[in-house]
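Before any comments, here is the structure.
Every read-out reported here was derived from the displayed coordinates using simple, explicitly stated rules and does not represent laboratory data. Since the model is a prediction, treat every value here as computed from it, not as a measurement. Positions of Cβ are backbone-derived with ideal geometry, glycine not excepted, and every protein chain shown enters the neighbour counts.
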Amino acid sequence: MKEVLEIEPLVSAKFDLAVKSGDAYFFESQVHITGDDRNEKSEPVACVPWQIRTVPALLKKPNSSDKGKDSQDKDTKPQQNQKDVFAPPYVPNLLVKEMQDFTVLLNKFCVLPKHFLLVTKGKRFSDDTEFVKQELPPPPELITTAYRIIQQHQPVQPDGEILGFFNCGKESGASQPHCHFQMVELAPESSDMAVPIENLFKFIKRDGKEDLDIHMLPVPWQHFVALLSPPSDDEELLMYLGNRFTQLLDCMVSATRDVALINGLQMQNGPPHFNILLTKRAMHVIPRRQEGFDLNETSWTPFSNAQAPENTGMLSINALGYAGLFLTRHEAELEAMKSPANSRIAEVLARTGMPIPLQVSGSKSESGDAENEQRQSTS
């Protein structure tokens, strides 16, 4: 019998309790949506309603009174496992649900409300460590469970849906070594799609094979997409999603090899760095070359004479950035990113992502449609 994974009511109840008790922290933010300059002649990247979220609270450091309060709390409240924050004993107010192979936990520090995590348990998928490593591709069982949560989600917001995302490797924005899928509910903002980058699906050629092929979105970085037509049977779903994920990884490796050959470079050794986005419609894979982007090294730095306030100027880009959700900590960073036609957002993501072979080779098609078609699909 298929396990019911309607997680949202459990997450909502625990989130309110955890924030009220001080076991979780929710940071208020202001959101700016780009795209006011979009028109039918705009580049595809300008058609994405990128959301730039500014959270000034992230600049504040705990003061001595905060430390004193934390010390008192340690004497009276359950504490996270300090060696591995995703392992038991769990803080009761952060624990949403335990399953056979996974645990659902609230994210302790939230910029988006009710941000939760699907965490692997013990050595279920690993023989040599105490937990599955985040630097390795997620096991098919984890992807499948995340997808089933997305399928069964009952939205709180009108037309809301769950976005699942995974940061694989240090340069992808991964901040914890224990393997976990992250999940947030999004709602459409000034567009039809809750996940901003999926507005580019209108550029995917509809030829009856779009659910079989792997597509490359028309953006100046490698962004691979598998459209999903999932089977209803659980065992078939596991195999189906595993196969689609393998197809995406194959295309990523092939494109990385092509870029290296064009530039006369050697393929890098070691685990790959990439992001995964998972929605009810599609699975995305985005290879990465670096995690951060330093605004102070650009000609459009928001700070005069490079005198940036402490903890500003460096953007940290994880999977949410490639979904269309940016995080800034200072109003000046927001102003710097609000460029016409989203060109600065494109520059940031192209620098932290991997170049596409077409772009690196310097070849340009005479027809914009032909260039888009070449970028869209790869077999």
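Taking the average, over residues, of other Cβ atoms within 10 Å as the packing measure, peptides 140-148, 329-337 rank 140-148, 329-337 from highest down.
Placing dummy labels 7 Å off each Cα toward the beta-carbon, the span from Q100 to E335 is 5.7 nm. Highest mean first, the peptides 16-24, 273-281, 150-158 sorted by other C-beta atoms within 10 Å per residue fall in the order 273-281, 16-24, 150-158. Label sites at S232 and K209, each approximated as a point 7 angstrom past Cα along Cα to Cβ, lie 2.9 nm apart. Taking a point 7 Å out from the Cα of Q151 in the direction of its Cβ, the residues of the stretch 205-242 whose backbone N falls within less than 17 Å of it are 227-242.
Each residue of the stretch 181-196 is assigned a 3J(HN,Hα), and the resulting list reads 9, 9, 9, 9, 8, 10, 10, x, 10, 6, 7, 7, 9, 5, 9, x Hz, derived from the Karplus form 6.51 cos²θ - 1.76 cosθ + 1.60 (θ = phi - 60°), x at Gly and Pro.
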